[in-house]
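The values are calculated or read from the model by the stated rules, or taken from the named source; none is laboratory data. Only a predicted model underlies this, so the values are computations on that prediction, with no experimental measurement involved. Note that each Cβ is placed from the backbone with ideal geometry, even for glycine, and that neighbours are counted across all protein chains shown.
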Amino acid sequence: MSRPGALLPEQSARWVADVTGPGSRVASVRRLRRGGWHVNHALLVVDPGGAIHQLVLRRWARPGWDADDPDYTVEREVRVLHLLRSTPVPAPEVVAADPDGERCGVPAILLTRLPGHAPVAADIADDDSCRQLAEVLAQIHDIGDRAEGGLAPYRLYFDRVHATAPPWMQATPVWARAIAAVQAPPPPTAMTMIHRDYHPDNTLWSRRRLTGVVDWTQAAWGPPGLDLGHMRWNLVADHGEGVADRFLTAYAAATGRALGEQPYWDLVSLLDLLLDGDGPGDIEPIDLRRFEDHARAALARWT
């Protein structure tokens, strides 16, 4: 880890020390993987009694977040994490929050640090890892009625009804059929809490065990299939269709649900990625080929 002043603004370090307790100090700082709008740091904070607190500071420090995603706020993530406190879901707890950035300089949350590390390929690809990913997602979805009214409704990142393929995507019959399929009304489904960005990089692992789920800013009230589809295209991109199918089988086993409507949500989740924005971003040609095969498989099961 680095000295606090090398990575963390003095105002932020002072706020962390103050909320930990008078006389506390930030002893070390390590930058974590950046989120879409967040800058995250792992901190060691020493209180006057010599106790060491392992914390994570999430700061809404990337310019433009409040214009592009004004509903993804500190208050939203705090509300979600409070809902999770009495559940078995391995999520961090809120230590302090500065929604307006008055103390920290920018909006921020100070969280407990969960054990574990970002996953490597070996943490994800086998049957037991798929089972763990599925079972934790089932725990999130099992919150159900306890979260109703406490969560914002989900939203998509593309216009489902008026969707069209962007110029950078090769026009193929598969993509034309996929877009037509999602323009139909969604199938009936029970709504619940969804993470909304559930994929391997938002999980933590230790000795091949899933120890935490992070980045709850987008959590919402929505269809479970959207979470499943989001995880599945991530698995397809990094590990192939077979691993994505094993994850879905494990979720069905954990919940006892038939999941007959999942092909629709696979298509919605995939187009939510591909049609969000004007360009391919970091999507490589090999990814697009895998995604087209994924869409073809979903269409074969749905139509």
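Take the conditions (1) modelled with pLDDT of 95 or more; (2) crowded, with 16+ Cβ neighbours inside 10 Å; residue 241 misses just one of them, which is (2).
Can residue 102 be described as out of contact with any His (no Cβ under 9 Å at 6 or more places or on another chain), modelled with pLDDT of 95 or more, closer than 18 Å to residue 219 by Cα and charged (D, E, K, R)?
Here the answer is no, as residue 102 does not meet what is asked.
Scanning the range 81-98 for residues that are in a helix (DSSP H, G or I) and farther than 19 Å from residue 39 by Cα returns 82, 83, 84.
From the list 159, 127, 145, 123, which one is under 24 Å from residue 267 (Cβ atoms) and acidic (Asp, Glu)?
Unique residue meeting the criteria: 159.
Of the residues 221, 233, 205, the single one that is touching a His at 6+ places or on another chain (Cβ under 7 Å), surrounded by fewer than 22 Cβ atoms within 10 Å (Cβ to Cβ) and assigned by TED's automatic domain parsing to the domain that holds residue 150 is 205.
Here is a yes/no grid of residues against (1) of a type in the set (A, V, I, L, M, F, W, C); (2) within 22 Å of residue 171 (Cβ to Cβ):
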residue	(1), (2)
261	no, no
271	yes, yes
299	yes, yes
303	no, yes
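In the range 148-167 there is no residue matching the filter, namely being farther than 29 Å from residue 66 by Cα, in contact (Cβ under 8 Å) with a residue 12 or more places away in the chain and of a type outside the set (Asp, Glu).
Just one of the listed residues (215, 238, 245, 227) is without any contact (Cβ under 8 Å) to a residue 40 or more places away in the chain and closer than 16 Å to residue 200 by Cα, and it is 245.
Counting the residues of the range 276-303 that are surrounded by 12 or more Cβ atoms within 10 Å (Cβ to Cβ), closer than 22 Å to residue 248 by Cβ and either touching a residue at least 60 places away in the same chain (Cβ under 8 Å) or in contact with an Asp or Glu (Cβ under 8 Å, 6 or more places away or on another chain) (or both) gives 11.
Against the numbered list (1) touching a Ser or Thr at 6+ places or on another chain (Cβ under 9 Å); (2) in contact (Cβ under 8 Å) with a residue 60 or more places away in the chain, residue 196 comes up short only at (2).
If you check residue 175 against the conditions, is it over 18 Å from residue 302 (Cβ atoms) and aromatic (Phe, Trp, Tyr)?
No: the conditions fail for residue 175.
Against the test of being in contact with a His (Cβ under 9 Å, 6 or more places away or on another chain), within 19 Å of residue 198 (Cα to Cα) and either outside the structural domain of residue 197 (by TED's automatic domain parsing) or of a type in the set (D, E, K, R) (or both), the options 32, 43 yield a single qualifying residue, 32. The set of residues in the range 93-112 that are in contact with a helix residue (DSSP H, G or I) (Cβ under 7 Å, 6 or more places away or on another chain) and not aliphatic (A, V, I, L, M) comprises 93, 98, 99, 103, 104, 105, 107.
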